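Q: Have a look at this one before I ask anything.
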Amino acid sequence: MLAKSRGQGVGTELLRFTLETQNVQFVDVNEQNPEAVGFYEAKGFEVYERSPTDDMGKPFQSY
């Protein structure tokens, strides 16, 4: 999402729509993206489990 679009409610609306229309129980969020983590935490999500690899099986890089 473009920085200028943040705080306009677009992500919140997309999340609301997805939760209402899809059978979503979990989301994958890269913990190295603190803005994404904060967004989902603010929406009531909690860490369920952590993985040492991404969804393609590659290890996360340390920065």
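Where a number appears in this text, it was derived from the coordinates with a stated rule and is not lab data. Everything quoted here is computed from the prediction, not taken from an experiment. In this analysis, Cβ positions are derived from the backbone assuming ideal geometry, glycine residues included, and neighbour counts consider all displayed protein chains.
Q: Go through region 50-57 residue by residue and turn each phi into a ³J(HN,Hα) via Karplus (6.51, -1.76, 1.60, θ = phi - 60°); whole Hz please, and just put x for glycine and proline.
A: For region 50-57, the Karplus curve yields 10, 10, x, 10, 7, 5, 9, x Hz.
Q: Within 12 Å, Cβ to Cβ, of Ser51, how many net charges do the neighbouring residues add up to if Lys/Arg are +1 and Asp/Glu are -1?
A: Charge balance near Ser51 sits at -3.
Q: Filter the trypsin sites (Lys or Arg not before Pro) in region 16-63 down to the DSSP loop ones having no more than 11 other Cβ atoms within 10 Å, then list what survives.
A: Arg50
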